Amino acid sequence: MEPDARAFWLRCPGEGEIRPVALPFPGSDEVLVRTLCSGVSRGTEALVFRGEVPVSQYAAMRAPFQDGEFPGPVKYGYLNVGVVAQGPANLLGRTVFCLYPHQTHYVVPSTAVTPVPDSVPPARAVLAGTVETALNAVWDAAPLFGDRIAVVGAGMVGCCVAALLAELPGARVQLIDVDPRRAGTAEALGVEFATPDTAVGDCDLVVHASATEEGLARSLELLVPEGEVIELSWYGDRRVSVPLGEAFHSRRLAVRGSQVGTVSPARRGRRTFADRMALALELLADPRFDALLTGESEFEDLPEVLPRLASGALPALCHRIVYPD
């Protein structure tokens, strides 16, 4: 039996700590996982850290293995890669991904972990949950060969969407962000980069992931008549204004939401959650995704690191947390 675990908890908005966790003995249909690394999903986890989850969305925002309740104390996170220390023979010793918070060891049902392919380094596999979100969005968007596409917002999700769309034959894909430093990321992903002012319009499809009112407005401006915005942003408790006047009706534009909590209707009858996650991990064999791994810290430093990530003092896309042996 492995030693009891330690986990990162948000004690209250803006204050985190490492706490001991008593582990149950794994049952016959469970696995004990020793964490190798986890990823901080900066956008969502910053909202949680600042206490900005709306009361109306407490249930919808729950992570699969969350402990505690919003706004705190709460144990939150969902990008975890580890090694199975105890469990069924087919999983024992395997590197696996799980939608689990930042914790040194944990026990979950064996069906809750997905084996990481040998072609995917564990350090890159922490992106699986974000690539899964991007994959679902691409299924929702249903782009066509040769489409002119913009992705507005070069955060983790936007970058993953752009990386997937870059493989679409004949497509023109722009990654748009207010931060010109994201140009290097766009180049690494194989797509064009533009600022909101230099972006090229006449887009058949725009995926919006900037979580800003200005980004959504610009997304609508970039569309061709009868074009569509796929809205991936999570705004927390903020209200946003959408410019539904001007040319919105005359150009017959559309805004449609996408969310990873359900499998896209375009694939729901043929793909399960497990299928989608397994595919996301297969896609991470592509080394282009390393461009999204922009920093690394020790697990014990997480109470000091997360406030800096949440405030923007430590700029990052995906910040990786590494664990002791």
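The values are calculated or read from the model by the stated rules, or taken from the named source; none is laboratory data. Nothing here was measured: the structure is a model prediction, and the numbers come from that model. As a convention, Cβ positions derive from the backbone with ideal geometry for all residues, glycine included, and neighbour counts pool all protein chains shown.
Report every pair of residues separated by at least 6 positions or lying on different chains whose Cβ atoms are under 9 Å apart, first residue within segment 302-319 and under 16 Å from residue 101 (Cα atoms), second surrounded by fewer than 21 Cβ atoms within 10 Å (Cβ to Cβ) and polar (S, T, N, Q).
If the second residue must be surrounded by fewer than 21 Cβ atoms within 10 Å (Cβ to Cβ) and polar (S, T, N, Q), the pairs left are 305/297; 318/294; 319/294; 319/297.
Cβ contacts < 7 Å: first residue hydrophobic (A, V, I, L, M, F, W, C), restricted to segment 119-130; second residue modelled with pLDDT of 95 or more and assigned to a loop (DSSP other than H, G, I, E, B), any location; separation 6+ or different chain. Result?
Close Cβ pairs (under 7 Å, with a partner that is modelled with pLDDT of 95 or more and assigned to a loop (DSSP other than H, G, I, E, B)) amount to 120/284; 120/285; 125/116; 125/284; 126/79; 127/284; 128/284.
Among the residues of segment 20-39, write down those that are in contact (Cβ under 8 Å) with a residue 24 or more places away in the chain and either buried (at least 23 other Cβ atoms within 10 Å of the Cβ) or more than 19 Å from residue 113 (Cα to Cα) (or both).
Result: 21, 31, 33, 35, 38, 39.
Report the residue count in segment 309-322 for those that are modelled with pLDDT under 95 and either among the charged types (D, E, K, R) or loosely packed, with under 15 Cβ neighbours inside 10 Å (or both).
Residues in segment 309-322 being modelled with pLDDT under 95 and either among the charged types (D, E, K, R) or loosely packed, with under 15 Cβ neighbours inside 10 Å (or both): 4 in total.
Just wondering, is there one or more residues in segment 40-63 that are under 22 Å from the mean Cα position of the chain (by Cα), aromatic (Phe, Trp, Tyr), surrounded by fewer than 19 Cβ atoms within 10 Å (Cβ to Cβ) and in a loop (DSSP other than H, G, I, E, B)?
For segment 40-63, residues under 22 Å from the mean Cα position of the chain (by Cα), aromatic (Phe, Trp, Tyr), surrounded by fewer than 19 Cβ atoms within 10 Å (Cβ to Cβ) and in a loop (DSSP other than H, G, I, E, B): present.
Can you tell me which condition residue 112 does not meet? The list is (1) surrounded by fewer than 20 Cβ atoms within 10 Å (Cβ to Cβ); (2) of a type in the set (A, V, I, L, M); (3) closer than 21 Å to residue 217 by Cα; (4) in contact (Cβ under 8 Å) with a residue 40 or more places away in the chain, and all the others hold.
(3)
Looking at this structure, is residue 178 modelled with pLDDT of 95 or more, assigned to a strand (DSSP E or B) and of a type outside the set (Ser, Thr, Tyr)?
Numbers: modelled with pLDDT of 95 or more: yes; assigned to a strand (DSSP E or B): no; of a type outside the set (Ser, Thr, Tyr): yes.
In short, no.
Residues that are among the basic types (Lys, Arg) and touching a strand residue (DSSP E or B) at 6+ places or on another chain (Cβ under 6 Å): does segment 241-253 have at least one?
Quick first cut of segment 241-253, residues among the basic types (Lys, Arg) only: 251-252.
Adding the requirement that they be touching a strand residue (DSSP E or B) at 6+ places or on another chain (Cβ under 6 Å) leaves 251-252.
The answer is yes; a qualifying residue exists.
Of all residues being in contact with a strand residue (DSSP E or B) (Cβ under 6 Å, 6 or more places away or on another chain) and among the charged types (D, E, K, R) in segment 163-217, which is nearest to residue 145 (Cα to Cα)? Just the residue, please.
The extreme case among them is 172.
Considering each of 288, 271, 267 in turn, give the residue that is closer than 23 Å to residue 122 by Cα, touching a helix residue (DSSP H, G or I) at 6+ places or on another chain (Cβ under 9 Å) and of a type outside the set (A, V, I, L, M, F, W, C). Working first, answer last.
On the way: 271 fails: closer than 23 Å to residue 122 by Cα; 267 fails: closer than 23 Å to residue 122 by Cα.
Exactly one of 288, 271, 267 is closer than 23 Å to residue 122 by Cα, touching a helix residue (DSSP H, G or I) at 6+ places or on another chain (Cβ under 9 Å) and of a type outside the set (A, V, I, L, M, F, W, C), namely 288.
Go through 250, 210, 241 for me and flag whichever is more than 20 Å from the chain's Cα centre (by Cα) and touching a residue at least 12 places away in the same chain (Cβ under 8 Å).
On the way: 250 fails: touching a residue at least 12 places away in the same chain (Cβ under 8 Å); 210 fails: more than 20 Å from the chain's Cα centre (by Cα).
241 is the lone residue from the list that is more than 20 Å from the chain's Cα centre (by Cα) and touching a residue at least 12 places away in the same chain (Cβ under 8 Å).
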